[in-house]
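Data block below; observations after.
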Amino acid sequence: FVYSGRGAAGLTFASDRLRLVYLPFAFEVIPLASEQTLLMSNILAFFDVRPPSITGLAPAPGSMFPINTSNITLTLQTSEVADCRWSYDTRAFGAMTPFEATNDLDHLATLPNLTNGRNYTVSLNCRDAFGNENNTETLRFGVHNRTFLPPVLAPIPDLNGTEGREILIPVNATAPEG
């Protein structure tokens, strides 16, 4: 709070990334106690009350990753400086895992322990410096599963050959059962 002389004052918040830097206001009379609450609520209404929005989410929703993908890197951008978190299930913000790179506009997290043949739903939530949280967003993706069985090879018999001569090795493969 800055008092700049008779009948004028202002609120100052030094930040190049938040929306409000200086909010001047003037007054001529001291309001009654019942009016002071209304006056302060009108002044504070100019502060950031919008939650950060998430953009640039990668990987794209619905992505399918190759067999044996054990972790992926998740990136996103926010419309303002924010603390972003994730979880494999729905939880309160404080119980979610913080992104490795956060408290900025660009955020990065590694999602570990992925297994073949599973679909995943990841909850994402970001909170700005004023405590505004976006509605939890979800990212759905999957890891492919091996959908085939390899062929069954018959045992290869012992063979004798002569040096410098070709030898034919019979290989028999059959379709697997199942």
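The values are calculated or read from the model by the stated rules, or taken from the named source; none is laboratory data. Note that this is a predicted model, so its numbers are computed, not measured. Note: areas computed on protein heavy atoms with side chains; ligands, DNA, RNA excluded. Shrake-Rupley method; radii C 1.70, N 1.55, O 1.52, S 1.80 Å.
When Phe65, Phe148, Phe93, Phe130 are compared by accessible surface with a 1.4 Å probe, the order from highest to lowest is Phe148, Phe130, Phe65, Phe93. Across the alpha-carbon atoms of the stretch 37-152, the computed radius of gyration and Dmax are 18.3, 82 angstrom. For the stretch 92-167, the average shadow cast by the Cα convex hull is 11.3 nm², which is a quarter of the hull's surface.
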